[in-house]
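Coordinate-derived values only; no laboratory data. If you're wondering where the values come from, they're calculated on a predicted model, not measured in any experiment. Note that we place each Cβ from the backbone using ideal geometry, even for glycine, and neighbour counts take in every protein chain shown.
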Amino acid sequence: MKLPSTLFLQGHVPSTALLLSTSKGKSNAKMHPITCFCKMIQTNSYEVAKGSYHPTALQEKEKKLLEKPSRQIESIGAFQKLPIVMPSIDILGSALRKARRVSPTKGIVNIAKREKNKGAKQLDALMKELAVPLRTYVENFPKKTYLHPYESSLIELTLGDGYYEKVLGKVDALRKRVVSVGKEHASLCAKSTSKREAEERLSEGLKKIEEIFAQERKVVDDLLVIAKTLRAMPVVNLETPTLCLVGAPNVGKSSLVHELSTGKPEVCNYPFTTRGILMGHIVFNYQKFQVTDTPGLLKRHDDDRNNLEKLTLAVLSHLPTAVLYVHDLTGECGTSPSDQFTIYKEIRERFTGHLWLDAVSKSDLMKASSSPVVYATDEPYPIQLDVEKYQKSGPDGAINVSVKTQEGLDELKQRVHELLNLQMAKLTNIDNNQEK
Ligand SMILES: Nc1nc2c(ncn2[C@@H]2O[C@H](COP(=O)(O)OP(=O)(O)OP(=O)(O)O)[C@@H](O)[C@H]2O)c(=O)[nH]1
Ligand SMILES: [Mg+2]
């Protein structure tokens, strides 16, 4: 999916692969924990010495391998790499089936010894069949601190503060419990003094391990839901210049995304949004750019914002997008111009680092309109805004547009193109500086 950024930025390759995409339908069979584990247990060997079950050197080596630290994930796209989590009932069913199929080590003639060897191996196998997938999950679900801040924000917005860590913590606690109970029973079985005792201890041990897993298995299913939710999120490609439409609710952002998009924009759902967010593409001179809207912002304190608004702030805070801020001064959208002025001022002052363009929408509904020509710039924002002036014509340099009459749309497209070229130069610059 990821192409070399320099090639794309120089316009050498059409950027068709560098689009917003969803992961729907993707699977990652390579990471299937059960498959990995199956391979592993069939190669295990066991020793029973002085009446105790002992892991072999091979097992110790495997243990060390399993204990390697989680890999670090620095760029965006971590959700698409999450392991496939199996439903807990399937993990349990498969673990029980496989454990029961484990036979004693060949060559043990004594019946009692053979039975306790088989018992210890089966209990150990069950413990591992359950614990290894859990460990795989705990290791391969990245720590939030290793995630791109945008993805980290999405986790909080989608799942609620701390829920992700809580579920992973519980999965790990379940793993530890299964391991400890499994080892205890395998060792007990290995110490049996008769065939009958070994059989009893085996069946007791299997029952106990199953019970422990069954009691807490819901956390695995919670993790499965988390993985599904995160994997389904729209992916933003940081190397594609992106225009993001921001503004109060109902001001005409989505209508403008339709106008600016070359094809039919796709509707992407963040799981916590009640409605979709439009994501489209703009093609200028064979270069493909990305355009998306964000949920509308209301005039209120950050603490009172809903997740939709927080998503908008996360986009602005963490993604290198250029902004097209949309103002509706007709009073039609439900947020008064003076409230929009307050929201705009706050957002504009807060996100000074973004390339910026202003558009006053629904010009067909306004009595008089003017559209002074100014050019996109990445200079810091120095303008002192005046509410009265704003209510008449919006911020200095705003373009008046109407999707009903098509007024201003050609100029808007031209200015958006300029802005996205600047954004591309900015991204190239960042890229070059990182390579140095
Ligand atoms: N008259 C007129 N109506 C418009 C224009 N642009 C959008 N509208 C109407 O304004 C309403 C809101 O438009 P949307 O594009 O959905 O606004 P939005 O900002 O995406 O809204 P949210 O996603 O809810 O924040 C719709 O009923 C549109 O038909 C315009 O140029 N002129
Ligand atoms: Mg919209």
Amide hydrogen neighbours beyond the local backbone of Val246, cut-off 5 Å, H modeled: Leu324, Tyr325, Val326
Derived scalar couplings ³J(HN,Hα) [the range 260-269; Karplus, 6.51 cos²θ - 1.76 cosθ + 1.60; whole Hz; x for Gly, Pro]: 7, 6, 6, x, 7, x, 8, 9, 10, 9
Packing-based order for 226-237, 404-415, using average beta carbon neighbours within 10 Å, highest first: 226-237, 404-415
22 Å tail of the calculated P(r), the range 196-332, as % of Cα pairs: 53 percent
Links that overshoot a 18 Å alpha carbon limit, given the list Lys98/Lys218; Lys253/Lys426; Lys98/Lys128; Lys310/Lys362: Lys98/Lys218; Lys253/Lys426; Lys310/Lys362
Peptides 181-188, 126-133 ordered by average Cβ neighbours within 10 Å, highest first: 126-133, 181-188
Translational diffusion of the range 115-197, µm² s⁻¹ [Kirkwood Rh, Cα pairs; Stokes-Einstein; 20 °C; 1.002 mPa s]: 144 µm²/s
Residue-span extension gain [Ile89 to Asn250] - 0.36 nm each, minus C-alpha spacing: 53.4 nm
Cross-link reach list, aspartates and glutamates versus Lys299, counting only Cα pairs under 17 Å and skipping chain neighbours closer than eight places: Glu309, Asp328, Glu332, Asp339, Glu346, Glu349
Between the range 217-245 and the range 265-344, the alpha-carbon center distance in angstrom: 19 Å
Highest average packing first - 322-335, 387-400, Cβ atoms within 10 Å: 322-335, 387-400
